[in-house]
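> Have a look at the structure that comes next, please.
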Amino acid sequence: MPDHVDPASLAQEATGNAVDGGNADNADNAVPLPTDNPFISMEKAVTSQEVTAGARRSKRLPVIVLWLVAIIVIVVDQASKQWALSALSDGRHTALFGRALGLVLVRNPGAAFSFATGQTWIFALIASCVVAIIIRVSRNLASGSWAVALGLVLGGAVGNLIDRLLREPGFLRGHVIDFIDYGGYFVGNVADIAIVAAAAGIIILSLGGWEIDGTRAGASDDPEAKGVGAPPSSTRRGSRARGKDRAEVPSKPEESLDASTQATSVEPQ
């Protein structure tokens, strides 16, 4: 046995043994967390199903708006044309706002606003292609504004296409019913108004950078890079959690420093 024993070293050794013993006891008493908890798996499955269902609903809504707008335009267009056939006489002008706007029944074999007469079958084929393209594009539609614009185009194209397919003088050669006189410059119908409004809307959306899929050109694809895209509450919780972690990191060195200080402060007997 050595002649001289340093009390400070004995205190440090005792403190270390106590800490190691406490850690060993805590390790022995620790209960391992179950990794195959069925409730956790069930919660994850339900959460994923809710997210998928929400994404499907948000994607279906613009398509529903598109078809709803198109149906309204078609119904109003065909109903107004039937009214014009029954209430107006061919070539007889009825003034509404002086000479600026009036009503006159015209059977148009051409395009919108009585342009390009005599090419009925060509415009019928063009309208059929437009309808097919819009139906195909609607698969990726996720913007409400684009849904309204495309719905107006679809409704206007189908409204005039019905006339070219079903009205006299025959299939693909039918004359479109026009009855709205714009100051004697041209005569149109409700379908033409929808097409012009849709064209203006598409120009505005394109200049603004809004895409059909709901995104906007030039916007950041990673919302976390700019600190957006997450709810404010979750952002605050994340900040508090990071602050708490930073506050707890130096706690262990301080505890070890206090233990060493207490051990070195013991005076030899």
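The values are calculated or read from the model by the stated rules, or taken from the named source; none is laboratory data. Nothing here was measured: the structure is a model prediction, and the numbers come from that model. As a convention, Cβ positions derive from the backbone with ideal geometry for all residues, glycine included, and neighbour counts pool all protein chains shown. Accessible surface areas use protein heavy atoms only, side chains included; no ligands, DNA or RNA. Shrake-Rupley method; radii C 1.70, N 1.55, O 1.52, S 1.80 Å.
> Output wanted: per-residue J couplings in Hz (rounded whole) for the stretch 74-81, from phi through Karplus 6.51 cos²θ - 1.76 cosθ + 1.60, θ = phi - 60°, x for Gly and Pro.
Here the 3J(HN,Hα) series is 5, 5, 5, 5, 5, 5, 5, 5 Hz.
> What does the highest-first list of 156-164, 77-85, 191-199 look like by mean Cβ count within 10 Å?
156-164, 191-199, 77-85
> Quick one: length gained pulling F186 to R107 fully straight, 0.36 nm per residue minus the C-alpha distance?
27.2 nm
> Per-residue HN-Hα couplings for the stretch 63-70, Karplus 6.51 cos²θ - 1.76 cosθ + 1.60 at θ = phi - 60°, whole Hz, x for Gly and Pro?
5, 5, 4, 4, 5, 5, 5, 4
> Another one. Using θ = phi - 60° and the Karplus curve 6.51 cos²θ - 1.76 cosθ + 1.60, what whole-Hz ³J(HN,Hα) does each residue of the stretch 207-216 get, with Gly and Pro shown as x?
3J(HN,Hα) across the stretch 207-216, in whole Hz: 5, x, x, 7, 9, 5, 7, x, 8, 10.
> So if R0 is 51 Å, what FRET efficiency would S89 and L207 give, r being the distance between their Cβ atoms, rounded to the nearest 0.05?
With a Förster radius of 51 Å, E is 0.70.
> Say each of L165 and Q82 gets a label point 7 Å from the Cα, pointing the same way as Cα to Cβ; how far apart are those two points in nm?
1.7 nm
> Also, quick follow-up: In nm, to one decimal, how far is the modelled label at R136 from the one at L96, with both set 7 Å along Cα→Cβ?
3.7 nm
> Using a 1.4 angstrom probe and counting only protein chains, how large is the accessible area of F171 in Å², to 10?
140 Å²
> Continuing with this model, one more query. A200 to R60: extension gain in nm, 0.36 nm per residue of separation minus the Cα-Cα distance?
47.9 nm
> Could I ask something else about it? In terms of modelled amide H atoms, which long-range or inter-chain residues lie less than 5 Å from the amide H of N108?
V176, I177, D178
> Take L205, L165 and sort them by solvent-accessible surface of the protein heavy atoms, 1.4 Å probe, largest at the top.
L165, L205
> While we're looking at this one, here's another question. What are the residues whose amide H is under 5 Å from the amide H of E211, where those residues sit 5 or more places off or on another chain and H is modelled from the backbone?
Close amide H contacts, sequence-distant or interchain: R216, A217.
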